[in-house]
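What follows draws every value from the coordinates through simple rules; no lab data is involved. As the structure is a computational prediction, the values presented were derived from the model and not from experiment. Cβ coordinates were reconstructed from backbone atoms using ideal geometry, including for glycine residues, and neighbour counts include every protein chain displayed.
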Amino acid sequence: MAKIYDIPVQNIKGQDSDLKSYQGQVLVVVNTASKCGLTPQYEGLQKLYHDNKSHGLSVLGFPANNFLQQEPASNDEIEQFCSLNYQVDFPLFAKVSVLGEDKHPLYQYLTSAQPQRIGGKEFTEKLKSASIPVADEPEVLWNFEKFVIGKNGDVVARFSPDTLATDPEFLECIHAELAK
């Protein structure tokens with residue numbers, strides 16, 4: 001069994017959990033934030049989930065407050081925000097840290113398994129030109145970075161935060177994994 005399924009997480013209600021129930025599915029693991037310029041990506045992620053869940057895809061949202069404090073809300077507030085504003089019904093988990101000394105074990109695993117992201121050079125330059133400090137790879141660049149996990153639990157790809165759920169390369173990766 002792949003290590004990712006054994007990493008302890010908490011669901012959005014704060015209850016201890018893990019990812020074992022997602023074994024055999026293709027996963028998109030994404031760190032989210034509700035006060036970010038990229039927050040509207042919830043809409044595309046929800047559509048991606050809705051259109052592909054019957055084919056074995058799950059989108060797993062992990063709220064994080066690592067970037068300019070763009071996720072200050074409580075887990076309950078995050079769940080309500082996502083439901084009311086974007087009709088999110090894909091699984092959300094308790095807020096985690098995706099960067100730094102308190103980086104959650106899930107993100108330690110994801111960033112070591114897939115240290116380089118696809119895309120993000122222009123987005124990185126945009127952040128730097130706004131005098132926003134950015135961490136070098138393998139660290140997560142910003143909110144809404146997407147990790148694609150294959151049915152066997154391997155991290156098969158990592159996409160930059162500005163990659164939309166409709167991006168052809170992103171979709172091609174997901175559909176290739178679903179076809180396996």
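The table for this structure:
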| item | result |
| --- | --- |
| Distant-in-sequence amide H partners of V9 (H built 1.01 Å from N, under 5 Å) | S17, D18 |
| Cβ-Cβ FRET estimate between K35 and Q108, R0 fixed at 22 Å, reported to 0.05 | 0.30 |
| Estimated distance in nm for a label pair at D51 and E139, the labels positioned 7 Å out from Cα along Cα-to-Cβ | 3.4 |
| Vicinal HN-Hα couplings computed from phi for segment 139-150 (Karplus, 6.51 cos²θ - 1.76 cosθ + 1.60; Hz; Gly/Pro x) | 5, 5, 6, 6, 4, 6, 6, 10, 10, 9, 10, x |
| Using θ = phi - 60° and Karplus 6.51 cos²θ - 1.76 cosθ + 1.60, couplings along segment 20-30 (whole Hz; Gly, Pro as x) | 4, 5, 9, 4, x, 9, 8, 10, 10, 9, 9 |
| Exposure proxy ranking, count of Cβ atoms within 10 Å, fewest first, for H50, H104 | H50, H104 |
| Inter-label distance, nm, simple model (7 Å from Cα along the C-beta direction), S131/H175 | 4.5 |
| Sites E43 and L68 - FRET efficiency at Förster radius 30 Å, r taken between beta-carbons, to 0.05 | 0.90 |
| For C173, C36, order by how many other beta-carbon atoms lie within 10 Å, fewest first | C36, C173 |
| Label point distance in nm, K121-Q15, each placed 7 Å from Cα along Cα→Cβ | 4.7 |
| Distant-in-sequence amide H partners of V59 (H built 1.01 Å from N, under 5 Å) | V28 |
